[in-house]
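Novice: One structure, as structure tokens, below. Some questions next.
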Amino acid sequence: MDKQIYVVGHRNPDTDSVASALGYAALKNRQGQKSVTAAMAGEPNPQTRYILDRLGVEPPVYLADVHPKVCHVLNRQPVTASAVTPLRDALGMFHTHGIRVLPVVDDAGAPLGLVSLLKLSEKYLLVDTGRKRGVDASLSTLAACLDGTFLTGTPSDGEEHLHLFIGAMLEESFSSRIEGYDPSSLLIMTGDRRTIQQAAIERGVRLLVVTGGFPLADGLRERAQERGVTVISTPHDTATAAGLARLSTPLSHFVDGKFEKIGVAEPLDHLRLKLLHSGEPAVIAVEEDGTIAGVATKSSLLSPIPYALILVDHNELGQSVPGAETVEILEVIDHHKLGNPPTNQPITFMAAPVGSTCTVVASLYREGGIEPEQKIAALLLAGILSDTVILKSPTTTRRDREMVHWLEERAGLDHVAFGKDIFSACGGFSAHATLEKAVRSDFKHFTAGDILFGVGQVEVVGFDEFHELKETLRETLKSVKEVDRLAMAGLMVTDIYSETTLFLVEGKNELAHIMGYPQVEPHLYELKGVMSRKKQMVPHLLKVLGKI
């Protein structure tokens, strides 16, 4: 079965991240790769929601994390047995299915314990002489294991403890052998030996097994009925029948009730620890309702993870969906600086110096001679307009403009009017449920030497709303800084019409002396002509923080 491939953007999905994931997944599907699905690593921001709703496009699949779970390496069709399953049938299961451990379950499917082939062999073979004579089974199970027929008596399902004796000697010697045993606990097995059959019946033993398919000697059936002796005829010879009788013991006598258990939704690392350090040969995986889901062994840890990732709009694992470092990454489609992890195999890696990842995806459509559907064209157009602020950002390139004109024809939209609608409908802070969500909606971490800092960005139409909220926003930034353990947290509030950014910052007070932009008031700077975090704000901060 083909792996499920998720095309996923960064943890704080913006329009470019979501649109490029949807657009690239659609391209892969058009190219015949049907197991490719768009995904997102967080909740879409208000702008992205507006665009998806306006275009009638379903949002991508939400991935809270991609850490491999127990269920991803588990065969969910386990071979199981009940506690009353005879040892003969259990050994058949081991052989037929090529397994080394057999879980024993109750009537509801919940695990009672494990039976391992190794420990079963030890318990069955390495027992003292007295134990070898013991047979614990019901008469019904005994008859089934012997392929036997009741000549007298009736089947019973109650388990009994019987002492097995083979009548393969003179009657006098045989009778002396069974002296001292309660006749009601005796299982006598013999072939065509009238004297042994008669002695067993006269003694009133619990069960007489006549082997080789022989009948009871003349006149003994009626006597057995009178004495209350159950007689079973088996087609097997005496040696075979004796072995089968011992194999009629139910698994309840061999099951190990102390076993390792794990939930199917637990991380694969938990399973690895249990298998490597518990000393047990297997771990039983259970569903949420406690029923058995499967059996995991050390070989399960070698099973391939059934899904892989294509990263879009980022290439740093610190920005990716949690668990991405444990999963195979097949491709990266991006427009940011490199911070990518090493891979075991060569992969497709595209990081173009353009204003939007959607520009790269649109280029792949055009280069492949594939016309995007109208909705996909509109999505890709929205991604470019959002990331380039309607082509006003200094990150905008000639290639971005080419793709905007190519896409607006296929989307049937005017890019200027569409862009203004996007920013007017969802700009500012009121579009978010809380100010913290507004700050975090497009917040990314960066490193300058030993300094970890974060910068968020909110596009607005005019600064009136910001000035009303700036004190509360500063407190929110202070909280974000503490929670994320940052040396500095900043928020770019960018007016798309005046092409000016007000930069609110918490931490690193020394910044005021080296910022290089006017300080309007404490913690607030005016950056005229600055609209891009990637190309203008972050490179500048990296330079000035390096001086501190």
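Novice: Need the list of aspartates and glutamates near Lys274 for cross-linking: C-alpha distance under 15 angstrom, and skip anything on the same chain fewer than eight residues off.
Specialist: The reachable aspartates and glutamates, counting only those whose Cα sits under 15 Å from Lys274, are Glu260, Glu266.
Novice: Please compute the contact order of the stretch 435-545 in relative form: average sequence separation of alpha-carbon pairs under 8 Å and at least six residues apart, divided by the residue count, as a percent.
Specialist: 23 percent
Novice: Straight-line reach from Lys534: which lysines fall under 24 Å, measuring Cα to Cα and dropping same-chain residues less than 8 apart?
Specialist: Straight-distance partners of Lys534: Lys337, Lys392, Lys420, Lys437, Lys444, Lys470, Lys478, Lys481, Lys508, Lys543, Lys547.
Novice: Between the helical axis of 398-411 and the dominant principal axis of the chain, each derived from Cα atoms, what acute angle in degrees is found, rounded to the nearest 10?
Specialist: Approximately 70 degrees, to the nearest ten.
Novice: Size of the dipole of the chain about the Cα centre, Lys and Arg at +1 and Asp and Glu at -1 on the beta carbon, nothing else charged, in debye to 20?
Specialist: The dipole of the chain has a size of about 1120 debye.
Novice: Hey, what angle do you get for helix 268-277 against the long axis of the chain, alpha-carbon based, 0 to 90 degrees rounded to 10?
Specialist: 40 degrees
Novice: Hey, another quick one. Working from Cα positions, state the angle (0 to 90°, nearest 10) between the long axis of helix 415-426 and the longest principal axis of the chain.
Specialist: 70 degrees
Novice: Mind giving me the FRET efficiency for Ser121 and Thr195? R0 is 41 Å, r the Cβ-Cβ distance, nearest 0.05 is fine.
Specialist: 0.65
Novice: Here's a follow-up. With labels modelled as points extended 7 Å from the Cα through the Cβ direction, what inter-label distance (nm, one decimal) is found for Ala512 paired with Ala417?
Specialist: Label at Ala512, label at Ala417, 4.9 nm between them.
Novice: If Lys and Arg each add +1 and Asp and Glu each add -1, what is the summed charge of the other residues whose beta carbon sits under 11 Å from the beta carbon of Ser138?
Specialist: That works out to -4.
Novice: Between Lys535 and His405, what is the FRET efficiency for a Förster distance of 35 Å, r being their Cβ-Cβ separation, to the nearest 0.05?
Specialist: According to the calculation, E is roughly 0.95.
Novice: How much net charge surrounds Lys119 when only the other residues with a Cβ under 15 Å from the Cβ of Lys119 are counted, with Lys and Arg +1 and Asp and Glu -1? Intermediate results must be reported in sequence, preceding the final value.
Specialist: Details: positive: Arg100, Lys123, Lys258; negative: Glu122, Asp256, Glu260, Glu280.
Net charge around Lys119: -1.
Novice: Hey, what did the chain get for relative contact order, percent, Cα under 8 Å, at least 6 apart?
Specialist: 15 percent
Novice: Find out how many positive minus negative residues lie around Ala224, taking Lys and Arg as positive, Asp and Glu as negative, among other residues whose Cβ is under 14 Å from that of Ala224.
Specialist: That sum, taken over residues with Cβ under 14 Å, equals +2.
Novice: Report Rg (one decimal) and Dmax (nearest whole number) for the stretch 435-545, counting Cα atoms only, units Å.
Specialist: Calculated on Cα positions, Rg and Dmax stand at 12.6, 36 Å.
Novice: Let me ask you something else. With each run of n ≥ 4 DSSP H residues scored as -39500 (n - 2.57), what mean residue ellipticity at 222 nm is computed for the chain after dividing by its residue count and rounding to the nearest 500 deg cm²/dmol? Spell out each step's value before the answer.
Specialist: Working: 19 runs with 191 residues, N = 548.
Taken over the chain, the calculation gives -10000 deg cm²/dmol.
Novice: Okay, moving on. For Ser532, Ser156, what's the fewest-to-most ordering of other Cβ within 10 Å of each Cβ?
Specialist: Numbers: Ser532 22, Ser156 14.
Fewest to most other Cβ atoms nearby, the residues stand as Ser156, Ser532.
Novice: Determine the shape class of the stretch 147-247: with a ≥ b ≥ c the square roots of the Cα gyration tensor eigenvalues, call it rounded for a/c under 1.5, and otherwise prolate if a/b is greater than b/c, oblate otherwise.
Specialist: rounded
Novice: Arranged by the count of other C-beta atoms within 10 angstrom, fewest first, what order do Met93, Met488, Met40 take?
Specialist: Exposure proxy ranking, most exposed first: Met93, Met488, Met40.
Novice: So how do Tyr24, Tyr62 line up by other beta-carbon neighbours within 10 Å, fewest first?
Specialist: Going from sparsest to densest Cβ surroundings: Tyr62, Tyr24.
Novice: Calculate the spin-label point distance for Glu160 paired with Glu172, positioning each point 7 Å from the Cα along the beta-carbon direction, and give it in nanometres.
Specialist: 3.1 nm
Here, each number is a calculation from the coordinates, and none is a lab measurement. No experiment lies behind these values; they were computed from the predicted model shown. All Cβ positions, glycine included, derive from the backbone under ideal geometry; neighbour counts span all protein chains shown.
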